[in-house]
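The values are calculated or read from the model by the stated rules, or taken from the named source; none is laboratory data. A quick note: this is a predicted structure, and the numbers were derived from the prediction, not measured. Neighbour counts are summed over all protein chains in view; Cβ atoms, including those assigned to glycine, are modelled from backbone coordinates with ideal geometry.
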Amino acid sequence: MKRTAVVTGASSGIGEATARRLAAEGYDVVAGARRRDRLDALAAGTPGITPVTLDVTSQESVNALAASLGRCDVLVNNAGGALGLESVADGRLDDWQRMYDTNVLGSLRLTQALLPKLVESGDGVLVMLTSTAGLVSYEGGGGYCAAKHAQTSMTETLRLELVGQPVRVVEIAPGMVKSEGFAVTRFRGDESAAAKVYEGVPGPLSADDVADAIAWCVTRPAHVNVDRLVIRPRAQAAQHRVHRVSG
Ligand SMILES: NC(=O)c1ccc[n+]([C@@H]2O[C@H](COP(=O)([O-])OP(=O)(O)OC[C@H]3O[C@@H](n4cnc5c(N)ncnc54)[C@H](OP(=O)(O)O)[C@@H]3O)[C@@H](O)[C@H]2O)c1
C-alpha cells in the first residue's frame, strides 16, 4: 500500500514544490489549497497528485478533506504566510487575526482532524512549516512573528504529548525563501515592494530547497525524529544579517 501525504498550501511556493517532491518519492499526495485551478494544473503535470479544494480557516472544509481520506501517513502543515510589515503600534487587527487563523489555527484544525489517521498508519509524520520568525522577532514582523512563535510552541507541545505514539513531529523553520507568493502576499500584491525583499541577495533559498529538506526529514527511518530543522541561505547569517550585492 502506498503511503499518503497531505500537503496544505500546495497551490504555490513551498507547498507546491513539496507536493511534487513527495510524489516523486513515491507518495500518493493530496494537495490542498483554495485556488483549485492551480492545483488542477499541478496534478495534470505530476502523476500521483490529487487536488483538493481546501480552506484551512474553515472547519467544514478541513472536515470534508479528512472524511475523504482512506489513510494519512504524512501531514505537511504548510498553508500560511505574512500580511503587512507595519509596526506593532500601527498593526491592523484583521491582519493579525488572519495570520493567526491561517498559520496557527489552520495547522491546529488539520492536526486535530488527521491525527487519528497518522497514529493509525503506524509511522505517521507531522511536518509543521514554521519560520525563523517563530524563533526570533524583527521590526515590522509583529503579527507574523507572534503567529509563527505560537506555531512553534504548538509543535513542541504536540511532540511532548505524542511521545510513545507512532507519530514523528518535525518542525521546518526556513529563513529567506524566494517563493512565488510569500512577499507578494505580505505587500498586498505590490510586486516591486516584494522584489526588494530579495534584491541583491546572492542565492536566497528556493521552494525546492525547502521541499528537499522536508523530503529528507520525512524519509528518515521511523525511529528518527528531526525535531527542528533551521534552514537559511548562506547569505543570511541571522534575521538582521543579510549579505546583499549592489547593482
Ligand atoms: N517564503 C519565505 O521566506 C518563508 C520563510 C519561512 C516560512 N515560510 C512559510 O512557508 C509556508 C509557505 O509559504 P510560501 O513561501 O510557499 O508562500 P506562498 O507561495 O504564498 O504559498 C502560500 C500557500 O498557502 C496557501 N494558503 C494561504 N491561505 C490558505 C488557506 N486559508 N487555506 C488553504 N491554503 C492557504 C496558498 O494557497 P491558496 O491561496 O490557493 O489557498 C499558497 O498555496 C508559509 O507557512 C510561510 O509562512 C515562508
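For (1) without any contact (Cβ under 8 Å) to a residue 12 or more places away in the chain; (2) surrounded by fewer than 23 Cβ atoms within 10 Å (Cβ to Cβ), each residue gets a yes or a no:
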residue	(1), (2)
Val29	no, no
Ala41	yes, yes
Ala44	yes, yes
Asn63	no, yes
Val74	no, no
Asp95	no, yes
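Do you know which residues across the stretch 87-96 are closer than 19 Å to Ala150 by Cβ and either assigned to a loop (DSSP other than H, G, I, E, B) or at pLDDT below 95 (or both)?
Let us first name the residues in the stretch 87-96 that are closer than 19 Å to Ala150 by Cβ, namely 88, 91-96.
Those that are closer than 19 Å to Ala150 by Cβ and either assigned to a loop (DSSP other than H, G, I, E, B) or at pLDDT below 95 (or both): Val88, Gly91, Arg92.
Taking helices (runs of 4 or more DSSP H) as the structural unit, those lying wholly within the stretch 143-229 and holding at least 2 residues that are of a type in the set (D, E, K, R) correspond to 191-197, 207-218.
Quick one: which residue in Val88, Val136, Val119, Val76 is closer than 22 Å to Asp208 by Cα and aliphatic (A, V, I, L, M)? Break it down stepwise before answering.
Numbers: Val88 fails: closer than 22 Å to Asp208 by Cα; Val136 fails: closer than 22 Å to Asp208 by Cα; Val119 fails: closer than 22 Å to Asp208 by Cα.
Answer to the selection: Val76.
Within the stretch 17-41, the residues that satisfy the criterion of being within 10 Å of the ligand (Cβ to nearest atom) and touching a strand residue (DSSP E or B) at 6+ places or on another chain (Cβ under 8 Å) are Thr18, Ala19, Ala31, Gly32, Ala33, Arg34, Arg36, Leu39.
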